[in-house]
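J.: Just dropping this structure here.
The values are calculated or read from the model by the stated rules, or taken from the named source; none is laboratory data. Just so it is clear, the model here is predicted, and its values are computed rather than measured. Ideal geometry is used to build each Cβ from the backbone, glycine not excepted, and the neighbour counts take in all protein chains shown. Surface areas here come from the heavy atoms of the whole protein model, side chains and all, with no ligands, DNA or RNA. Shrake-Rupley method; radii C 1.70, N 1.55, O 1.52, S 1.80 Å.
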Amino acid sequence: EHRRDSREHMVRESRQDRELGTCPRESPSFHSRFTTLTISREPGSKHGAKDGAVGTSQGCGSTSSGTATATTSALFEPGRDGQTPQVVVLVGAPGMGKTTMVRKVMVEWREGALHMQFDFVFCIDCKAVVLPMEASVADLVSKCCPGLRVPAGKILDDQKRILFIFDGFEALGFSLVQPEAELSSDPREVKPLELTLMSLLKKTVLPKASLLITTRPTALGSLRQCLKGGFYMEILGFSAARREEYFHRYFENPSKADMAFRFARGNEVLYSLCVIPVMSWTICTILEQELCGKKNLLECSKATTGMMVFYLSQLLKHRGRDNPQVLQQFLLRLCSLAAEGIWKHKVLFEEKEIKDCGLDQPGLLPFFLNERIPGEGEDHGSVYAFTHLHLQEFFAAMFYVLEDDGEVVSSLGRLEKDVNKLLECYNKSRKDLNVTVRFLFGLVSQKSIEYMDKTIGCRISPRAREELLEWLQGRHRGLSHPGQAPKVSEMDTFHFLFEMNEKSFAQSALGHFTDLDLRDTKLTLYDQMALSFCIQHWAGLGCVTFQGCSFCWQDPEAELDASVPCALVVRRREELPCPIHLLCRALRHRDSALQVLRLQWCRLSESCCAELAALLAEHPGLAHLELGDSSLGDSGVRLLCEGLRSPGCRLRILR
């Protein structure tokens with residue numbers, strides 16, 4: 001009965017969403033939403049000494065000998081030495097799912113599914129609970145469970161059957177350096193809160209009780225100094241398989257889940273960011289809104305930058321509103337650090353750099369940078385890294401457009417906000433700047449400018465728009481040979497314009513060109529959406545050439561995945577439109593000037609012929625069509641002939 005009382009009370013508490021990582025969307029069933037995370041498990045005495053996993057990994061891209069997909073049942077499993085840990089520290093950046101793991105532990109314990117070795121579990125939410133200045137361990141128990149019918153003192157008699165959870169330990173904010181002589185050994189002894197908590201951590205009181213502590217990397221250094229024999233487990237995020245699983249758990253409707261995942265999978269940047277659980281939630285939330293009232297995501301207007309801006313607004317919700325200038329100054333310094341790192345191929349930053357930049361603000365820094373604590377034998381100080389490389393690239397792009405008062409100076413020497421220099425370096429040799437440039441286009445869209453100002457209070461300057469327009473026009477003029485029709489032959493141009501997603505800007509950028517020429521390119525669904533957007537706003541486009549290109553609607557590796565049932569693979573294939581559906585639909589737009597369409601060595605099949613026939617029948621200007629090296633089949637050619645016989649067909653040449 002006591003166990004049930006404690007369980008019911010604690011689970012009521014644990015169901016509150018307290019951290020971004022808990023996925024703010026309320027769900028009818030916690031179990032149906034929970035997706036297993038990838039966790040790196042290393043003994044505390046060695047953690048970080050081998051590969052510096054904590055705080056430096058780019059999600060599951062980090063490899064460690066202790067990395068594994070783990071459930072909550074693994075938290076108190078015996079280690080390599082066969083010993084069951086009494087103290088487990090769960091480390092992770094904001095949004096990685098620490099509080100979600102705690103909620104899962106509580107729910108499973110209440111239901112009797114796991115952690116049966118504990119009769120009582122007491123969870124202290126360090127971010128939300130108001131703790132007294134002085135307290136005994138018994139007082140803390142009573143504070144956690146005011147409805148208990150058993151005296152706290154009696155509960156504490158059987159130490160082995162008790163688990164204390166400290167969720168968000170870094171929020172306590174007090175020194176962990178306390179005199180050993182002042183620590184308590186009596187759970188009923190009232191002491192200053194710091195001493196009582198230190199007594200639990202140091203095991204001078206209730207030495208046989210178990211502890212589960214969640215913390216951000218920033219508090220890990222001091223925590224390690226006072227814990228003995230603990231196990232440290234770093235949450236690395238979602239593996240590739242778990243990302244797809246999360247999408248299906250979020251949407252519940254298999255068809256919508258497939259569409260949303262294909263959208264994310266086709267966008268390399270978004271898919272990589274999905275390793276962060278809260279980023280997966282962000283993307284699913286936006287795509288759910290886009291799917292409301294629609295059958296598919298082919299008209300989705302949310303590009304990568306839009307999702308990043310929404311993520312940033314969620315990250316900074318309720319922070320900096322009282323003093324927007326402080327937030328603006330912090331972001332300026334953060335963006336300066338990110339940009340200098342991108343220029344110098346640098347992803348790790350020393351503690352001195354952080355302080356010199358004025359970024360050592362505990363209320364903001366942990367949301368953007370992870371701290372890696374040096375392992376044993378390493379004599380340097382803490383090292384920091386952005387939660388993900390693409391986040392560093394996003395803030396590097398912000399550096400060029402975030403308005404400032406001219407007083408923010410970087411610690412490594414002033415980096416000029418020279419947009420043209422960035423663009424020219426990208427054009428000539430620095431192709432690694434692609435994602436930064438893509439974010440730059442997205443940030444200066446009118447929607448981004450207004451949204452950033454409204455939700456975060458950040459002022460984005462639109463001045464770079466003209467420079468971006470001139471650069472796009474100039475780079476393709478230089479690529480076209482004298483006497484040839486001016487053409488666009490770089491796929492990234494379409495990504496940049498789709499990122500901004502403004503009709504008038506796309507028209508201005510493409511208005512001087514008449515030809516589109518892409519060769520030997522694997523076009524993902526996201527690539528085709530970008531192309532479709534640009535073609536619809538390209539009034540002067542007369543000649544389109546795709547040579548040796550493939551039109552992909554899903555990752556071919558997905559069909560080879562043994563974990564995906566064959567029936568599901570077949571259903572997905574049956575639901576997909578023909579590979580060139582988006583292209584043909586875009587080419588049929590009202591103002592199209594198309595005359596020549598070349599689809600050479602693109603391995604088109606019979607499934608493409610109905611779309612091509614409709615294009616032939618409806619397009620008044622299309623006079624030249626090439627379908628070399630295609631496998632149309634007899635039935636495909638019959639479909640094509642229906643288009644050729646149509647009164648609206650004006651074709652003169654078919655190859």
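J.: For residue 430 and residue 228, what is the calculated FRET efficiency with R₀ set at 56 Å and r taken between the beta-carbons, to the nearest 0.05?
T.: My answer for the efficiency is 0.70.
J.: Keeping all protein chains in the complex and leaving out DNA, RNA and ligands, what accessible area do you get for residue 417 with a 1.4 Å probe, in Å² to the nearest 10?
T.: 70
J.: Could you rank 111, 371 by how accessible they are, 1.4 Å probe, largest area first?
T.: Ranking 111, 371 by accessible area, largest first, yields 111, 371.
J.: Given the whole protein assembly as supplied and a 1.4 Å probe, what does the accessible area of residue 470 come to in Å², nearest 10?
T.: 110
J.: Separate question: Please report the relative contact order for the range 303-475, taking Cα pairs under 8 Å with a sequence separation of at least 6, and give it as a percent rounded to a whole number. Kindly include the intermediate steps, with their values, before the conclusion.
T.: Working: 193 pairs, mean separation 48.6, N = 173.
The normalised contact order for the range 303-475 reaches 28 percent.
J.: Once you have the Cα-Cα distance between residue 473 and residue 347, take 0.36 nm times their residue separation minus that, and quote the gain in nm to one decimal.
T.: Details: separation 126, 0.36 × 126 = 45.36 nm, distance 3.26 nm.
That works out to 42.1 nm of additional length.
J.: I need the peptides 245-257, 382-394 ranked by packing, meaning the mean over residues of other C-beta atoms within 10 angstrom, with the highest value on top.
T.: Ranking, from highest mean packing down: 382-394, 245-257.
J.: So how much accessible area does residue 650 have, in Å² to the nearest 10, using a 1.4 Å probe?
T.: Roughly 120 Å² of residue 650 is accessible to a 1.4 Å probe.
J.: Order 202, 160 by their accessible area, 1.4 angstrom probe, all chains in place, largest first.
T.: Values: 202 40, 160 130 Å².
Of 202, 160, the descending order of accessible area is 160, 202.
J.: Here's another thing I want to ask about it. Roughly how many percent of the accessible protein surface of the range 240-302 is carbon and sulfur, given a 1.4 Å probe and a whole-percent answer?
T.: Result for the range 240-302: 47 percent of the exposed heavy-atom area is carbon or sulfur.
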